[in-house]
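Engineer: After the structure tokens below, expect a handful of questions from me.
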Amino acid sequence: MSTIPEKPEKPENSKIKTREGSGYLKQLYATARVTAGSTHSNLKSLTTFLVNFVPVEKVDASELQVRTHFDDHEVATLANSIKLHGVLQPILVVQDGDRYKVIAGERRLRASKMAGMDRIPARVLATDDKATHEIALRENLDRVDLHPIEEGEGYVSLLEAGAYSSHDSIAKSFMKPKSRITECIGFTKLPTDTKVELMKRGVKNRALLRVLLTTNVANHFAMIEEASQKEETLLDAAGVPLPPEAAAKIRAEKAREAKSFSFKMDENGLSVPGFKWKSTDNQDQLTAYADSLKKIIEQIEERLTRP
């Protein structure tokens with residue numbers, strides 16, 4: 001009598017806990033491999049990787065968050081989108097007792113709170129400190145709008161946590177030049193007020209940041225203001241959408257320039273061609289008129305004082 005050989009059991013993967021006959025978590029884990037991309041090699045200590053809807057009030061900001069400045073206009077715009085379409089990309093959180101800490105997606109969390117959402121989709125993971133730091137930093141470094149100071153703060157955080165021992169080891173892991181790692185870390189030594197002003201205005205010019213490191217602190221705000229105005233003008237000329245405050249300022253400057261009138265003074269006297277004043281003119285136009293009149297008066301006074 002022949003016997004049917006028993007099918008050998010597949011070794012159980014201790015990292016993936018599944019119910020008999022259920023492939024859900026295996027499928028989810030496979031999806032996580034693709035989603036994690038380059039960070040998958042750092043997820044060896046992963047014990048849980050679930051997508052869940054967690055209460056918004058139970059999710060806290062994390063000290064591992066690299067980004068420190070969030071544009072209010074961008075958050076409000078995202079909140080409006082969430083009201084219409086929901087949160088399309090889950091945030092990344094780590095379990096912290098009966099609460100959660102955001103590793104990536106704090107802007108989505110803020111916008112969800114603003115939109116009045118009760119729950120938010122989240123990928124829940126539990127890792128050791130090094131893996132958590134790397135995931136948080138890599139998630140943010142993938143964003144082109146990360147400020148060099150925020151990038152530097154992230155590298156400092158990795159060093160302080162003992163995840164890496166040197167600038168060189170960070171450079172090799174993140175495949176970036178060591179000089180860039182060192183430079184970004186150097187930017188974190190700028191005065192706190194200077195760093196806040198740079199990020200608030202969105203000034204990321206590395207050349208300016210290098211100059212600020214060797215410039216008297218008393219001159220920092222004026223230099224940042226000048227750089228900010230130049231960037232706004234260039235972006236506007238290129239047709240790049242600006243924050244409402246910056247766009248309004250540029251519109252006001254253009255209105256002032258457009259409404260300034262010309263004048264001519266010669267031996268025949270003073271002429272102001274095309275000047276028409278209306279009671280409905282706005283404040284910017286009236287200010288432009290006043291500036292032009294002031295110049296006329298200065299020229300008249302200069303003529304009167306001539307011998």
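Engineer: Failed condition for HIS220, given (1) modelled with pLDDT under 90; (2) within 28 Å of GLU74 (Cα to Cα), with all others met?
Structural biologist: Unmet condition: (1).
Engineer: Could you run through region 135-161 and say how many residues are modelled with pLDDT under 75 and either under 23 Å from LYS204 (Cα atoms) or assigned to a loop (DSSP other than H, G, I, E, B) (or both)? Write out each step before concluding.
Structural biologist: First pass over region 135-161, keeping only residues modelled with pLDDT under 75: 135-145, 161.
Subset that is either under 23 Å from LYS204 (Cα atoms) or assigned to a loop (DSSP other than H, G, I, E, B) (or both): 136-145, 161.
Result for region 135-161: 11.
Engineer: All but one of (1) surrounded by 15 or more Cβ atoms within 10 Å (Cβ to Cβ); (2) at pLDDT below 85; (3) more than 19 Å from LEU209 (Cα to Cα) hold for PRO121, so report the exception by its number.
Structural biologist: (2)
Engineer: Another one. Condition (residue is outside any helix (DSSP H, G or I) and either surrounded by fewer than 17 Cβ atoms within 10 Å (Cβ to Cβ) or modelled with pLDDT under 85 (or both)) applied to region 194-211: is it met by at least one residue?
Structural biologist: Start the filter on region 194-211 by keeping residues that are outside any helix (DSSP H, G or I), which leaves 202-205.
Applying the additional criterion that residues be either surrounded by fewer than 17 Cβ atoms within 10 Å (Cβ to Cβ) or modelled with pLDDT under 85 (or both) yields 202, 205.
Yes, that holds for at least one residue.
Engineer: Moving on to the next point. If THR182 satisfies all but one of (1) modelled with pLDDT of 90 or more; (2) loosely packed, with under 14 Cβ neighbours inside 10 Å; (3) in a helix (DSSP H, G or I), what's the number of the condition it fails?
Structural biologist: In the conditions (1) modelled with pLDDT of 90 or more; (2) loosely packed, with under 14 Cβ neighbours inside 10 Å; (3) in a helix (DSSP H, G or I), THR182 misses (2) alone.
The values are calculated or read from the model by the stated rules, or taken from the named source; none is laboratory data. None of the values given here were measured: they were computed from a predicted structure. Ideal geometry is used to build each Cβ from the backbone, glycine not excepted, and the neighbour counts take in all protein chains shown.
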